[in-house]
Amino acid sequence: MIFLKTDEEIELMRISNDLVACTLAEVGKNIKPGITTLQLDKIADAFIRDNGAIPSFLGYEGYPNSICTSVNDQVVHGIPSKYVLKEGDIISVDCGAEKSGFHGDSCYTFCVGEVSEEARQLLKTTRESLYEGIKFAIEGKRIGDIGHAIQTYCENRGYSVVHGMTGHGIGKSMHEEPKVPNYGKSSFGTKLRIGMVVAIEPMINLGKQNIYFADDGWTAKTSDGKISAHFEHTVAISKGQADILSSFKYIDEILENNVK
Ligand code: MF3
Ligand code: CO
């Protein structure tokens, strides 16, 4: 069953998602060679709580931490650890927070220092593909239109789309119906209606699409060992133009400062 949100509920979700956006930037400020992924988790956890919210991931189906940190060939759901980030790594930071009963969910893949041109291009394409999908997150379109846009954009550039893991509806629960695959056929699937809120999250591989799960039961990794990228926004379906509730604007601000 798909839960439609009222305008008031969407405003609450905008607040949760804005906090997630700020948390990702706070983590991003600290991403540099020498820091561990567990230190990043502590930063995110403290920031979320200091802002009166609850980390959505901690304890979710037994998940042990407040963010997912997926480095290089880790696709998603990497568990923060003593791993020390090194120059040239890429790291996706996935974060969820609940405030006033509603969840926010967003993910960004960061560079650690200077990364290869190959990595830079993968990140650029994956981020762009998210916005290609979002263009179809409007009233009257279908779930398949979103996936088709993402898949076409990435495959045309030589990358592959991870199958079997999808985006999702979101609201009072972090994962609600419908599933939002990053592949599909235009004009197929559930029709999008005002009040639906979905998390769209392309997971895109440099090499082949195949993945496996590590022994920790959580971490998805590429089978060929090549790198993978992941970007996610929470989006409210509206008329004519999608209403993106999360944001990368705070991240873009800190990254600009980093370069200078
Ligand atoms: N954004 C992730 C997703 O939608 C949430 C991580 S799952 C958790 O799949 F278990 F780590 F919380
Ligand atoms: Co999600």
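The values are calculated or read from the model by the stated rules, or taken from the named source; none is laboratory data. Quick caveat, the model's predicted, so the values are computed rather than measured. Please note: Cβ atoms are built from the backbone with ideal geometry, for glycine as well, and neighbour counts cover all protein chains shown.
What to note about this one:
- Looking across segment 181-202 at every residue that is closer than 19 Å to TYR60 by Cα and aliphatic (A, V, I, L, M), the one that is farthest from ligand 1 (Cβ to nearest atom) is identified as VAL198.
- Positions within segment 130-180 being assigned to a loop (DSSP other than H, G, I, E, B), more than 15 Å from ligand 1 (Cβ to nearest atom) and closer than 17 Å to ALA229 by Cα, in sequence order: ASN156, ARG157, GLY158, TYR159
- Screening GLY104 against (1) within 16 Å of ligand 1 (Cβ to nearest atom); (2) over 16 Å from LEU245 (Cβ atoms); (3) not basic (Lys, Arg) leaves a single unmet condition, (2).
- Screening LEU192 against (1) among the aliphatic types (A, V, I, L, M); (2) within 30 Å of GLU9 (Cβ to Cβ); (3) within 15 Å of ligand 2 (Cβ to nearest atom) leaves a single unmet condition, (3).
- Test: residue in segment 208-230 that is aliphatic (A, V, I, L, M), out of contact with any His (no Cβ under 6 Å at 6 or more places or on another chain) and over 26 Å from ASP73 (Cβ atoms): no
- Selection of segment 92-108 for residues being crowded, with 23+ Cβ neighbours inside 10 Å and either under 12 Å from the mean Cα position of the chain (by Cα) or within 12 Å of PHE57 (Cα to Cα) (or both) yields SER92, VAL93, ASP94, CYS95, GLY96, ALA97, HIS103, GLY104, ASP105, SER106, CYS107, TYR108.
- Residue among SER173, SER129, SER187 that is within 30 Å of PRO55 (Cβ to Cβ) and away from ligand 2 (no atom under 14 Å from the Cβ): SER129
- Within segment 39-83, if we keep just the residues that are under 24 Å from ILE204 (Cα atoms) and of a type in the set (A, V, I, L, M), the residue that is nearest to ligand 2 (Cβ to nearest atom) turns out to be VAL76.
- On the stretch given as segment 40-74, residues that are within 11 Å of ligand 1 (Cβ to nearest atom) and surrounded by 20 or more Cβ atoms within 10 Å (Cβ to Cβ) total 9.
- Count of residues meeting criterion [of a type outside the set (D, E, K, R) and within 17 Å of MET1 (Cβ to Cβ)] in segment 161-193: 12
- Strands (runs of 3 or more DSSP E) wholly inside segment 204-260 that include at least 3 residues being touching a helix residue (DSSP H, G or I) at 6+ places or on another chain (Cβ under 9 Å) and in contact (Cβ under 8 Å) with a residue 60 or more places away in the chain: 228-230, 233-236
So that you can scan it fast, the table gives a plain yes or no per residue for (1) more than 13 Å from ILE200 (Cα to Cα); (2) within 16 Å of ligand 2 (Cβ to nearest atom); (3) at pLDDT below 95:
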position	(1), (2), (3)
GLU87	yes, no, no
ASP105	no, yes, no
ARG120	yes, no, no
THR125	yes, no, no
ASP145	no, no, no
